[in-house]
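S.K.: Structure incoming, see below.
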Amino acid sequence: MIRLNLKKILKSTGGKMVLDLELNIAKGQFVTLFGESGAGKTSTLRMLSGLLKPDIGTITVDGITWFDSNKNINLVPQQRKVGYVFQDYALFPNMTVRQNLEYALQRNQDKSIIEELLDFAQLSELQQRKPETLSGGQKQRVALARALVQRPEILILDEPLSALDLKMRIKLQEYILQIHKQFKLTTILVSHDIGEIVKLSDCVFELQNGKVIKKGAAADFFGLNKTSAKFRFSGEVLKIEREDVIYVISVLIGNDIIKVVSDRTEANGLKVGDQVLVASKAFNPIIQKL
Amino acid sequence: MDWQPLVLTFKLALITTAILFVVSIPIAYWLSNTKSKIKPVIETLVSMPLVLPPTVLGFYMLVAFSPENAFGNWLNEWLGIRLIFSFGGLVVASVIYSLPFMVQPIQAGLSSLPSTLKEASYTMGKSKMTTLIKILLPNVKPALLTGIVLSFAHTVGEFGVVLMIGGNMPGKTKVASIAIYDEVEAMNYSAANSYSLILFSITFIILLLVYLANGGYFKRFVP
């Protein structure tokens, strides 16, 4: 169980912001922090891992105090040993894939985990390569594997898949889910991709201006359970066109663009870039194998 | 031709560079990390030799190290070190004089590394020392090479400070740049030319090698 109760004044480009949150995360859960850029998601992860010091508050993990401003307790990141996957992967350029993993070994730790992880992440053939020669997806797999070497109980993923193309993203989503289960981790993800969040997480916290404004189970959170639709997808509005009395809204779902007809009241509530849910229940969709 | 001034020059440059390398890494690491208010002051002090006439630096060191003054006297009485008109004094002066040439490239290199590299290392339970040695320094090798070569070349070319604090004692403080001045004063142009030509060629080759190395020229020959 992770309990965070933190206050921190953050100075960003947009001026001062007070981060003030209380989060309780049960052991073994897959939790997502969702929200606009600058809402304080990354800062929250950095405070949990010890890379950023909160102004006041407490952090306890499984009953052990990691941070307590009243008692002057502040464990350094080295003592917290959280598996942290950075947005830019942070692979060590001077080391090969294998050396990157080996560097993360703890003193006297059994080395067999290196083979196990290389195998699991399908990196065995790439193990002698330097990070600069790898593709984005491969780098991400190295970063994930490396974060697991020290057998952390908490895995932090800061927008791990945002730089990857859709196909690679879907593949790695499954991989992350597999890791989460196999290594019995408590995983905290930062993501903007609603499809990804629904697929991966048990619970979602939405942050805005440093505060949790909404929380819930992933499917409830985005209102997916309200419609008893036959099929439904989430996507992004690309274009809203008016044709006589109706509006045609182009929605990007995955790699496909779908045109949806809507009336004026519906179209007025939408703007380009909005995340939307496209669902239907009146018609029976046809499924064909490709 | 007397080879002694040249030997002395390169001995001085080697020792100075070695000391600077060890001294500059902690300074550059601190400067690239700190948010302290005194950082600009330290940065200024480190960079002063870049703009200060060497004679100014030499003059103050001469005064400070003189046994007639408190600090020089203390050095002399307690440690038995006399820094003026001695090789040891030249080393101390050169280290101070070439400090910016070592500190600045390393500091710039360390500052340019993404901070997530060290943060990743910390979350893996690695100490700051381990992170510096195994992650940060190996990833700023070009900066280390630049620092080493610039301070070496700068020490080879030093004149004013040496003259002020070391004088012109053959075998002890008479380095090549001083010898050249000496030979010109004595109208001995051919000897001055030999020293000059050697210094010119060596510094040219050293700097060329650095630019080639940092430009990735040699990587072609490595499989």
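S.K.: Under 8 Å between Cβ atoms, at least 6 apart or on separate chains: pull out the pairs that start in region B:30-54 with a residue that is in a helix (DSSP H, G or I) and end on any residue that is of a type in the set (K, R) and surrounded by fewer than 15 Cβ atoms within 10 Å (Cβ to Cβ).
M.R.: So the pair list comes out as B:L31/B:K39.
S.K.: Starting from residues that are of a type in the set (S, T, Y) and part of a loop (DSSP other than H, G, I, E, B), keep the ones in region A:30-84 and report whichever is nearest to the other protein chains (Cβ to nearest Cβ).
M.R.: Just the residues of region A:30-84 that are of a type in the set (S, T, Y), to begin with: A:32, A:37, A:42-44, A:49, A:58, A:60, A:65, A:69, A:84.
After this cut, where a residue has to be part of a loop (DSSP other than H, G, I, E, B) as well, the list is A:37, A:69.
Working: A:S37: 17, A:S69: 20 Å.
Looking at residues that are of a type in the set (S, T, Y) and part of a loop (DSSP other than H, G, I, E, B), I get A:S37.
S.K.: Being of a type in the set (S, T, N, Q) and surrounded by 19 or more Cβ atoms within 10 Å (Cβ to Cβ) is the filter here, so list the residues in region B:55-100 that pass it. Walk me through how you get there before you give the answer.
M.R.: Step one: list which residues in region B:55-100 are of a type in the set (S, T, N, Q), which gives B:55, B:66, B:69, B:73, B:76, B:86, B:94, B:98.
Matches in region B:55-100: B:S94, B:S98.
S.K.: Which one is nearest to B:V140 (Cα to Cα), of the residues in region B:58-109 that are of a type outside the set (G, A, S) and in contact with a Phe, Trp or Tyr (Cβ under 6 Å, 6 or more places away or on another chain)?
M.R.: Residues of region B:58-109 of a type outside the set (G, A, S): B:59-63, B:65, B:67-69, B:71, B:73-79, B:81-85, B:87, B:90-92, B:95-97, B:99-107.
Cutting the leftovers down to in contact with a Phe, Trp or Tyr (Cβ under 6 Å, 6 or more places away or on another chain) gives us B:83-84.
Details: B:L83: 35, B:I84: 37 Å.
This residue is B:L83.
S.K.: Now, a different point. What number of residues within region B:158-174 are more than 9 Å from B:L90 (Cα to Cα) and either of a type outside the set (F, W, Y) or in contact with a Lys or Arg (Cβ under 6 Å, 6 or more places away or on another chain) (or both)? Break it down stepwise before answering.
M.R.: Step one: filter region B:158-174 for residues more than 9 Å from B:L90 (Cα to Cα), giving B:158-160, B:163-164, B:167-172, B:174.
From the residues that got through so far, the ones that are either of a type outside the set (F, W, Y) or in contact with a Lys or Arg (Cβ under 6 Å, 6 or more places away or on another chain) (or both) too are B:158, B:160, B:163-164, B:167-172, B:174.
Looking only at that region, the number is 11.
S.K.: Got at least one residue in region B:113-121 being within 21 Å of B:L50 (Cα to Cα) and of a type in the set (D, E, K, R)?
M.R.: From region B:113-121, those within 21 Å of B:L50 (Cα to Cα) are none; that's our starting set.
So far as region B:113-121 goes, no, none of its residues is within 21 Å of B:L50 (Cα to Cα) and of a type in the set (D, E, K, R).
S.K.: Among the residues of region B:55-74, write down those that are farther than 26 Å from B:T155 by Cα and assigned to a helix (DSSP H, G or I). Steps first, please.
M.R.: From region B:55-74, those farther than 26 Å from B:T155 by Cα are B:68-70, B:73-74; that's our starting set.
Residues satisfying the conditions are B:A70, B:N73, B:W74.
S.K.: Another question, then. Suppose we keep only residues that are within 12 Å of chain A (Cβ to nearest Cβ) and among the hydrophobic types (A, V, I, L, M, F, W, C) within region B:124-151. Which one would you say is farthest from B:A93 (Cα to Cα)?
M.R.: B:M124
S.K.: Got a number for residues in region A:103-132 being among the hydroxyl-bearing types (S, T, Y) and either under 14 Å from A:R146 (Cβ atoms) or within 12 Å of chain B (Cβ to nearest Cβ) (or both)? First the steps, then the outcome.
M.R.: Filtering region A:103-132 for residues among the hydroxyl-bearing types (S, T, Y) gives A:103, A:112, A:124.
If we keep only those that are either under 14 Å from A:R146 (Cβ atoms) or within 12 Å of chain B (Cβ to nearest Cβ) (or both) as well, we get A:103.
Adding up the residues that qualify gives 1.
S.K.: Just name the residue that is surrounded by the most Cβ atoms within 10 Å (Cβ to Cβ) out of those in region A:88-102 that are polar (S, T, N, Q) and more than 8 Å from chain B (Cβ to nearest Cβ).
M.R.: Initially, region A:88-102 is screened for residues polar (S, T, N, Q), giving A:94, A:96, A:99-100.
Right, trim to more than 8 Å from chain B (Cβ to nearest Cβ) and you get A:96, A:99-100.
On the way: A:T96: 17, A:Q99: 16, A:N100: 25.
The extreme case among them is A:N100.
S.K.: Would you call B:T116 at the interface with another protein chain (Cβ under 10 Å from one of its Cβ atoms), over 19 Å from the mean Cα position of the chain (by Cα), buried (at least 21 other Cβ atoms within 10 Å of the Cβ) and β-branched (V, I, T)?
M.R.: Details: at the interface with another protein chain (Cβ under 10 Å from one of its Cβ atoms): yes; over 19 Å from the mean Cα position of the chain (by Cα): yes; buried (at least 21 other Cβ atoms within 10 Å of the Cβ): no; β-branched (V, I, T): yes.
In short, no.
S.K.: Being away from every other protein chain (no Cβ under 14 Å), within 20 Å of A:M1 (Cα to Cα), touching a helix residue (DSSP H, G or I) at 6+ places or on another chain (Cβ under 7 Å) and touching a residue at least 40 places away in the same chain (Cβ under 8 Å): is that true of A:L23 here?
M.R.: Values: away from every other protein chain (no Cβ under 14 Å): yes; within 20 Å of A:M1 (Cα to Cα): yes; touching a helix residue (DSSP H, G or I) at 6+ places or on another chain (Cβ under 7 Å): no; touching a residue at least 40 places away in the same chain (Cβ under 8 Å): yes.
No: the conditions fail for A:L23.
S.K.: Anything in region A:1-45 that is within 15 Å of the chain's Cα centre (by Cα), among the aliphatic types (A, V, I, L, M) and modelled with pLDDT under 90? List them, or say none.
M.R.: Within region A:1-45, just A:A39 meets the criteria.
S.K.: Quick one: would you say B:S121 is touching a helix residue (DSSP H, G or I) at 6+ places or on another chain (Cβ under 8 Å), loosely packed, with under 15 Cβ neighbours inside 10 Å and within 14 Å of chain A (Cβ to nearest Cβ)? Write out each step before concluding.
M.R.: Values: touching a helix residue (DSSP H, G or I) at 6+ places or on another chain (Cβ under 8 Å): yes; loosely packed, with under 15 Cβ neighbours inside 10 Å: no; within 14 Å of chain A (Cβ to nearest Cβ): yes.
No: the conditions fail for B:S121.
S.K.: Ok, one more. Within region A:61-84, does at least one residue satisfy the condition of being at positive phi, within 20 Å of the chain's Cα centre (by Cα) and touching a residue at least 24 places away in the same chain (Cβ under 8 Å)? Write out each step before concluding.
M.R.: Applying the first criterion (at positive phi) to region A:61-84 yields A:62-63, A:72, A:81.
Next cut, within 20 Å of the chain's Cα centre (by Cα) only: A:81.
Subsequent filtering for residues that are touching a residue at least 24 places away in the same chain (Cβ under 8 Å) retains A:81.
Yes: region A:61-84 contains one or more residues that are at positive phi, within 20 Å of the chain's Cα centre (by Cα) and touching a residue at least 24 places away in the same chain (Cβ under 8 Å).
S.K.: Take A:R151 and tell me if it is more than 16 Å from the chain's Cα centre (by Cα), modelled with pLDDT of 90 or more and within 13 Å of another protein chain (Cβ to nearest Cβ).
M.R.: Numbers: more than 16 Å from the chain's Cα centre (by Cα): yes; modelled with pLDDT of 90 or more: yes; within 13 Å of another protein chain (Cβ to nearest Cβ): yes.
When the stated conditions are applied, A:R151 passes them.
The values are calculated or read from the model by the stated rules, or taken from the named source; none is laboratory data. Bear in mind that the values here come from a model prediction, so they are computed numbers and not experimental data. Positions of Cβ are backbone-derived with ideal geometry, glycine not excepted, and every protein chain shown enters the neighbour counts.
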